[in-house]
Amino acid sequence: MPTVSVKRDLLFQALGRSYTDEEFDELCFEFGLELDEITSEKQIISKEQGNVKAQGASDVVLYKVDVPANRYDLLCLEGLARGLQVFKERIKAPVYKRVIPQGEIQKLIITEETAKVRPFAVAAVLRNIKFTKDRYDSFIELQEKLHQNICRKRALVAIGTHDLDTLSGPFTFTAKRPSDIKFKPLSKTKEYTACELMNIYKTDNHLKHYLHIIENKPLYPVIYDSNGVVLSMPPIINGNHSKITVNTKNIFIECTGTDLTKAKIVLDVIVTMFSEYCENQFTVEAVEVVSPNGKSSTFPELAYRKEMVRADFINKKVGIRESPANLAKLLTRMCLKSEVIGDGNQIEVEIPPTRADVIHACDIVEDAAIAYGYNNIQMTLPKAYTIANQVPINKLTELLRLDMAAAGFTEALTFALCSQEDIADKLGLDISETKAVHISNPKTAEFQVARTTLLPGLLKTIAANRKMPLPLKLFEISDIVVKDSSKDVGAKNYRHLCAVYYNKNPGFEIIHGLLDRIMQLLDVPPSEEKGGYVIKASTGSAFFPGRCAEIFARGQSIGKLGVLHPDVITKFELTMPCSSLEINIEPFL
């Protein structure tokens, strides 16, 4: 959930009145937000870097407000204040307008070279805007919030803002070889090629996180004006030539990306939030974007759309009894202009361009519930009485956990994700034999696949507790995951029980005795007949030759037990013999 930091006094000025901390906390709750912290810049620096570093920092009170991740219109002071003002019915929601300039419209031409890098771009102009230091800081902060949120750290969308008076249209969005791109980036005093910049920014704490998006591409995206001046090299850095300042009057905003829908949402959010400061309030100058195929589109869209929802549907879902007129009023307070039409039960809801989060009737119902007040909804007993039952597999798991502990084994809870090495190489298997479900973008080598066995997790737990008194007797009852093409998700979970005995001697008899005890508890007799269980000599890459057995119960193989191979023990950084048992408990349901 994103956190927005706003200066308390500026916020109260925008709201037209002051609040105590308790009153504002209550207002946030009513609006579906949470006042997370009341602090100051000095307190933040003092907490993170110490009192010495905090000397001279501002004592201005900051409110840190948690907002829902999909409410992009609340990520800045302007949107937050506007939303609260409409909610308290002090103002009406503004109507945002796109205007075509009387002179020549600005153009952004996209070339076909961008197709494999960042194929989409949208743009707009904020004309005759009046910035103050606080407004300018809020403008920059909103871009950063959007980059971290809907833009997915610039991977989907990157925002560039430029002083239009320093540029000359039309603009060209193209892609070139890194060695052919040369310009002076923000905060630098000389020109660099794109290759040089990528090397420089590898040590930049802020920009180094975005380099991977394009650094392995043969071509880098770049935007030029008609004079060949570089506006930006998205998604990395803007050019210094067109940087905006507090004194900037006309802002050219471009959003490039790999997701056109999100690029349009981001552009709509920025222009709707800050068109408030334009000479003609809430009006945005359009820009014509020409695609590689010659098709022209005009942005920003600032599209309003209408949805129909029945009053009885809202009342039923929320659990209230409000008239259609009252429900329409509640929705209007949430910036969703609504009116009753038709048979008197239909509500027509107008979705503004700021509310990209409203995609379904349920979103409208949620806003009605927020405006009504969750605390105002009467608690009622359900009309249908049912007795809850535990899921059978979980009930069996709980019963076995208690008896495993009674048998002297300690329960462990290990990660469901592990490395390919853990479930394959260390157990003497090839990864292709495991039917493992792979993570497409693992953040670390430790979490590459979903586990196909519980054994590696327990062996790693023993390795981390080698200094504990021997013997170490661990167990775990959890899910493993394997590929299964017959399932709609392509994979299936199985509930496994795994136990490990680690001591100076292998302790095979301990593990074997544990298996007999488990079967006794499950009322499965030792018999080759149907309904019984039996163990048969077997082989396994993880087990010592001649010390492995396969377990059959109720006519099917349910697992293996045996003494682990010395190579396996060594690969898990262990030094003593170890026996293990692992079975699938689902056949016993």
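The values are calculated or read from the model by the stated rules, or taken from the named source; none is laboratory data. Since the structure is predicted, the reported quantities are computational estimates derived from the model, not experimental observations. Here Cβ is always computed from backbone atoms with ideal geometry, including for glycine, and neighbour counts include all displayed protein chains. All accessible areas refer to the heavy atoms of the entire protein, side chains included, with ligands and DNA or RNA removed. Shrake-Rupley method; radii C 1.70, N 1.55, O 1.52, S 1.80 Å.
Brief remarks follow.
- Entries of LYS316/LYS337; LYS116/LYS190; LYS473/LYS504; LYS395/LYS530 with Cα pairs more than 18 Å apart: LYS316/LYS337; LYS116/LYS190; LYS395/LYS530
- Between ASP479 and ASN205, the contour length at 0.36 nm per residue exceeds the Cα-Cα span by 94.7 nm.
- Taking the alpha carbon gyration tensor of region 377-486, multiplying each eigenvalue by 5 and rooting it gives semi-axes of 33, 23, 14 Å, largest first.
- For the chain, the longest principal axis of the alpha carbon atoms and the long axis of helix 260-274 meet at an angle near 50°.
- Enclosed volume per residue, in Å³, of the convex hull spanned by Cα atoms of the chain: 245 Å³
- Candidates PRO68, PHE24, GLY79 compared by Cα position along the dipole of region 3-88: farthest toward the positive end lies GLY79, with charges placed on Cβ.
- The chain - charge dipole about Cα centre, Lys and Arg +1 at Cβ, Asp and Glu -1, debye rounded to 20: 740 debye
- Average accessible area per residue (Å²) across the chain - probe 1.4 Å, nucleic acids and ligands excluded: 51 Å²
- Toward the positive end of the charge dipole of the chain, with +1 on the Cβ of Lys and Arg and -1 on the Cβ of Asp and Glu, the farthest Cα among GLY169, VAL157, ILE462 is that of GLY169.
- Peptides 467-474, 310-317, 352-359 ranked from most to least packed by the mean count of surrounding Cβ atoms within 10 Å: 352-359, 310-317, 467-474.
- Surface share of carbon and sulfur [accessible, 1.4 angstrom probe, percent] for the chain: 50 percent
- Based on every Cα atom in region 434-589, Rg and the maximum pairwise Cα distance Dmax equal 16.3, 49 Å.
- Seen against the Cα atoms of the chain and their longest principal axis, helix 133-148 is set at about 30 degrees.
- Taking the longest Cα principal axis of the chain as reference, the axis of helix 324-333 is set at about 80 degrees.
- Rg over Rh, two decimals, region 193-272 (C-alpha only, Kirkwood Rh): 0.97
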